[in-house]
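Following: one structure in structure tokens, then a few remarks.
Just so you know, all these numbers are worked out from the coordinates, no wet-lab data involved. Predicted model only: the values in this text are computed from it and were never measured. Here the Cβ is made from the backbone with ideal geometry for all residues, glycine too, and neighbour counts use every protein chain on show.
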Amino acid sequence: MTDRSIALEIPLGLSPERRNLLTDLARRNEVDHGADFLGLVLSGSAGRGVATDRSDLDVYVVLTDAGMRGRQTSRSSAVDEISVTISSLERVPQFGTNGWWFRWSFAWAPVLLDRTEGRLQPALRRQATVTADEAESILVEHDRLDGWLNYAYRALKNDRDGRPLERRLDAAESMPWLLDVIFTLAGRVRPYHKYLPWELRQHPLPHWHAEELLALLTATLDGDPSTIRTTFERVERLCTTFDNERTEPVLTPVIDSWGEELQLLRR
């Protein structure tokens, strides 16, 4: 879609009203910032084709450092206009920091306008992906693998000891840890829960069929012991694959450290 000197690549599925909102937003930023206005990224439900009538537009306005001075995020019922510099997009927040939570905002988000000479798309891709070194840090240093093992083990121990409520509570508590493990092993940032089924279906994870994984997650929330053991078996294999690509194993030692208690996790 072309508007005078501003050519926006707006997803076809958006309504005329929302297309007009984006065009007006681009015009205004062009007037306000001129050469400091570097791009637009559409995030949220609209950017992923799952918007409802009640969804707003989540738009990242990409600016130079100079253009960012004095600029604040603007929110309304129709549009959330979030300002960000290209230099900040090229800095990758680490797991456990405040910025980590926002990294998935840029996953699969269409670029409406790019005047960065090719810097914007790689920056968005990097925000949403996890390197092997990052994965090791997340899974080992931040204990996401061991934490999941702990809750899975506790759920199975409660099942063994006839405590069904406690089994379900521990299984449910294991879920964020498990999702971190699964997505980190795939080299991706875990999506917000709202978008989990969408991402699994539209952008499948390697080694996990979308409907199979969604069924495993649902059964895990119910505390099903056989599902927890099946998931452990799958994750253990993926950890071995990860280690085979490293100079030294880092994940299998975490699993092996559980010793005889692994008997409860294995079939």
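Is one or more of the residues making up the range 177-199 acidic (Asp, Glu), closer than 28 Å to Ser87 by Cβ and in contact with a strand residue (DSSP E or B) (Cβ under 9 Å, 6 or more places away or on another chain)?
Yes, the range 177-199 contains a residue that is acidic (Asp, Glu), closer than 28 Å to Ser87 by Cβ and in contact with a strand residue (DSSP E or B) (Cβ under 9 Å, 6 or more places away or on another chain).
Considering (1) touching a residue at least 60 places away in the same chain (Cβ under 8 Å); (2) surrounded by fewer than 19 Cβ atoms within 10 Å (Cβ to Cβ), say which one Ser43 fails and leave the rest.
(2)
Any residue in the range 233-262 that is without any contact (Cβ under 8 Å) to a residue 12 or more places away in the chain and at negative phi sitting within a Cβ distance under 6 Å of a residue that is part of a helix (DSSP H, G or I) and surrounded by 12 or more Cβ atoms within 10 Å (Cβ to Cβ)? List the pairs, counting only those 6 or more apart or interchain.
Within 6 Å, the pairs are Asp243/Thr252; Pro249/Asp243.
Which of the following residues is among the charged types (D, E, K, R) and in contact (Cβ under 8 Å) with a residue 40 or more places away in the chain: Glu81, Glu30, Glu90, Glu17?
After applying the criteria, what remains is Glu81.
Assess whether Glu261 counts as being loosely packed, with under 14 Cβ neighbours inside 10 Å and under 25 Å from Glu134 (Cα atoms).
Answer is no for this residue.
Select, from Ile82, Ile86, the only residue that is hydrophobic (A, V, I, L, M, F, W, C) and over 23 Å from Tyr195 (Cα atoms).
Going through Ile82, Ile86 in turn, the sole match is Ile86.
Scan (1) within 23 Å of Lys194 (Cα to Cα); (2) crowded, with 18+ Cβ neighbours inside 10 Å for the single condition Arg54 breaks and write down its number.
Result: Arg54 passes all but (2).
Of all residues in the range 107-131 being of a type in the set (A, V, I, L, M, F, W, C) and more than 21 Å from Gly67 (Cα to Cα), which is surrounded by the most Cβ atoms within 10 Å (Cβ to Cβ)?
Of everything passing the filter in the range 107-131, Val130 is surrounded by the most Cβ atoms within 10 Å (Cβ to Cβ).
Here's a check for you: in the range 199-239, which residue that is touching a Pro at 6+ places or on another chain (Cβ under 8 Å) and assigned to a helix (DSSP H, G or I) is nearest to Glu166 (Cα to Cα)?
That would be Leu214.
Every residue in the range 67-105 that is among the basic types (Lys, Arg), surrounded by fewer than 19 Cβ atoms within 10 Å (Cβ to Cβ) and under 28 Å from Phe183 (Cβ atoms), please.
Residue satisfying the conditions is Arg91 alone.
Surrounded by fewer than 16 Cβ atoms within 10 Å (Cβ to Cβ), within 26 Å of Pro93 (Cβ to Cβ) and touching a residue at least 12 places away in the same chain (Cβ under 8 Å) - does that describe any residue in the range 162-172?
no
Kindly evaluate Arg71 against the criterion of being charged (D, E, K, R) and either touching a helix residue (DSSP H, G or I) at 6+ places or on another chain (Cβ under 6 Å) or more than 25 Å from Pro197 (Cα to Cα) (or both).
Yes, satisfied.
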